[in-house]
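Everything on this sheet refers to the single structure shown next.
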Amino acid sequence: MQVDDRLIKMAEQIVKKSVKVKKGEKVFVEGFSESVKTLFNEVIKQVTKAGGVPFWYFNDNAFIKSFIEKASKEQMQEFGKMHAEIMKQCDAYVGIRGYDDMFLLSDVSEKQMALYQHEFYTPVHFEVRIPKTRWVVMRYPNNTMSALSRMSTKSFEDFYFNACLVDYAKMAKAMLPLKKLMDKTDKVKIIAPDTHLEFSIKNLKAVACAGEMNLPDGEVYTAPVKDSINGVIQFNTDTVYEGEYFSNIRLEFKDGKIVKGTSMANNDKFQKLLNLDAGSRYMGEFALGLNPYITKPMLDILFDEKISGSLHMAIGNSYSDETFNGNRSAIHWDLVLIQTAEKGGGEIWFDDKLIRKNGIFLPKELQGLNPDKLK
């Protein structure tokens, strides 16, 4: 079967530019669902061609569900230890996710999902993969994703490859002034419908993401000083977390802590997530979305958090060494606020200077990040 040239280009981007595989390095390649197999195979080929040693692990939410539903705490701990030991031996990680049924885990009990987060995901991914390997994660275009995006499969594939294979070298260069500005910024103010939020990012370095850790990519992120957030923010993008759907999430803060949070959908579940652990009422990330080809939400956070003209903040864990604000949690949940005129508009202020209005950067040095310049 003829392989789409764009898939080969994606595999080359992943291996050569995202995780930069060198001869002799061990690479953990994980695939989720039947739909990813072609790209999964191409990545294994490219890792081998680069002289790396691939360890491939084919997974699926159906397999994960079968284990999570029945596993005891001791079994989950051993499962986590086993995967963590494999991850520790690897120099890089590639995760290709094509969840054909994104709501499959929605009927797993909260107790078992919390066990999975604490005893597997945290020790394997938060404690090993993220800080100790070069890694990249991505979604794969399938019928589920095209349906969520309200596009035909063909149109969605074209959109997908445009978003994933944007000119990252050009994007990286345009991001530098924003990174430098964020590195020296103290006060941030966010204004939007039903939103007035203020916090500090002082002494927390910004990270520019241009095709290395996510595909698609396109964000500059940091973290808020943990106890500095005050005010209210109304997110306007629906989200799925642990197989559950949430909508119109609104958060109120006092000295960094979420003192009130609501979701129009699944609010009871939302309250339980907010009370999961000591860090789940604090925020671990603040970022601006910049990908010019991603303009509307599709219930997939790897895409939605990169929407041009958006910002996102993450409830819970702050996991980057450069931006670590002291908050630890089993949750890292990105929530998106789109500030384009079509979505109600909004403003971002850095140290009392208006930086972005209605999704468009205003300072001359940042205008290269506007969508008409990045395409």
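The values are calculated or read from the model by the stated rules, or taken from the named source; none is laboratory data. Owing to the predicted nature of the structure, the values given are computational and were not obtained by experimental measurement. Note: accessible area is taken over every heavy atom of the protein model, side chains too, but ligands, DNA and RNA are not part of it. Shrake-Rupley method; radii C 1.70, N 1.55, O 1.52, S 1.80 Å.
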Residue of Gln339, Gln75, Gln46 that the Gaussian network model of the chain assigns the largest fluctuation, springs spanning Cα pairs under 10 Å: Gln75
Listed pairs Lys154/Lys364; Lys49/Lys88; Lys88/Lys154 exceeding 31 Å between Cα atoms: Lys154/Lys364; Lys88/Lys154
Using amide H atoms built in the peptide plane, which far-off residues or other-chain residues are under 5 Å from Cys90 H to H? none
Under a 1.4 Å probe, counting only protein heavy atoms, Val3 has an accessible area in Å², nearest 10, of 30
With a 1.4 Å probe and all protein chains kept in place, how do Lys226, Lys202, Lys269 rank by accessible area, largest first? Lys202, Lys226, Lys269
The chain - accessible surface per residue (Å², probe 1.4 Å): 42
Using distinct alpha-carbon pairs, which all enter the 1/r mean, Kirkwood radius of segment 33-167 in Å: 16.7
Carbon/sulfur accessible area of the chain, % of total, 1.4 Å probe, equals 52
Under a GNM of the chain (C-alpha, springs under 10 Å), which listed residue has the highest mean-square fluctuation: Asn248, Asn291, Asn266? Asn266
Leaving ligands, DNA and RNA out of it, rank His125, His118 by accessible area with a 1.4 Å probe, largest first. His118, His125
Do the sum for the chain: with -39,500 (n - 2.57) for every DSSP H run of n ≥ 4, divided by all residues, what is the mean residue ellipticity at 222 nm, to the nearest 500 deg cm²/dmol? -8000 deg cm²/dmol
Please report the spacing between the Cα centers of segment 40-61 and segment 242-257 in Å, no decimals. 37
